[in-house]
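In what follows, a single structure is set out as structure tokens and then discussed.
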Amino acid sequence: MTPTTTARMPSAPAKPVRESSTFEYTTYICTTPEKLWGALTMNELRKHWWRGHTVETDWQPGSEITSRFPDGSPEFKGRVTESNRPRTLAFEVEEIYWSDEYANERPNRVSFTIEGFSPLTRLTLSNEATPKLIELVRGGWPAVLSSLKSLLETGNPLPLDAVFDPERNPGASATEQPA
């Protein structure tokens, strides 16, 4: 008896798999999980540590999220994938508007994990993205999160103008001090 092999044709062509990497950054901040949550989600605080950037969303899973540069132009659009106050916050970027070079880079998933260790709070950022995007964010996230830490601990964000070029932050002006 001769063994036979049956080959099956897939019912639909397979989607190409894009390589992804993950960038993680952890910092400890002398604040409460609730205050950190507020700084991540409320534009009144966010605009100070992120050089005027704001987001439009209700932070409910499945809701749309749109990030805007200080001049109001769109930075990216996506979906909130997780929101568990004050522990986890995550979103997936679906469209990038600031660069044609990065416009089709997928996946691009960002998550924040918040853990209280009174009087400290540990913040862990995880950004899963293509290697090309990871290379870009590798220098940005530590600077931005250091500014967040500085704002929460001292009341003053870091002056990030030296870190970010104007073309990566259209319409940016001098960092405002929180009220």
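List every residue pair whose Cβ atoms sit under 7 Å apart, with the two residues 6 or more apart in sequence or on different chains, where the first one lies in region 61-76 and is touching a residue at least 40 places away in the same chain (Cβ under 8 Å) and surrounded by 17 or more Cβ atoms within 10 Å (Cβ to Cβ) and the second, anywhere, is among the aliphatic types (A, V, I, L, M) and part of a loop (DSSP other than H, G, I, E, B). From region 61-76, the pairs are P70/A172.
Does G116 meet the test of being surrounded by 14 or more Cβ atoms within 10 Å (Cβ to Cβ) and closer than 14 Å to C30 by Cα? Spelling it out, G116 is indeed surrounded by 14 or more Cβ atoms within 10 Å (Cβ to Cβ) and closer than 14 Å to C30 by Cα. The single condition among (1) out of contact with any Lys or Arg (no Cβ under 9 Å at 6 or more places or on another chain); (2) farther than 26 Å from S73 by Cα that L89 does not meet is (2).
Considering E176, E94, E101, E135, which residue is within 13 Å of the chain's Cα centre (by Cα) and modelled with pLDDT under 95? Spell out the reasoning first.
On the way: E176 fails: within 13 Å of the chain's Cα centre (by Cα); E101 fails: within 13 Å of the chain's Cα centre (by Cα); E135 fails: within 13 Å of the chain's Cα centre (by Cα).
Criteria check complete, one pass: E94.
Considering the conditions (1) in contact with a helix residue (DSSP H, G or I) (Cβ under 7 Å, 6 or more places away or on another chain); (2) at pLDDT below 95, F112 is excluded by exactly one of them, (2). Scanning region 85-121 for residues that are charged (D, E, K, R) and touching a Ser or Thr at 6+ places or on another chain (Cβ under 9 Å) yields R85, R87, E92, E105, R106, R109, E115.
The values are calculated or read from the model by the stated rules, or taken from the named source; none is laboratory data. Since the model is a prediction, treat every value here as computed from it, not as a measurement. Glycine gets a Cβ as well: all are built from the backbone with ideal geometry, and neighbour counts include every protein chain shown.
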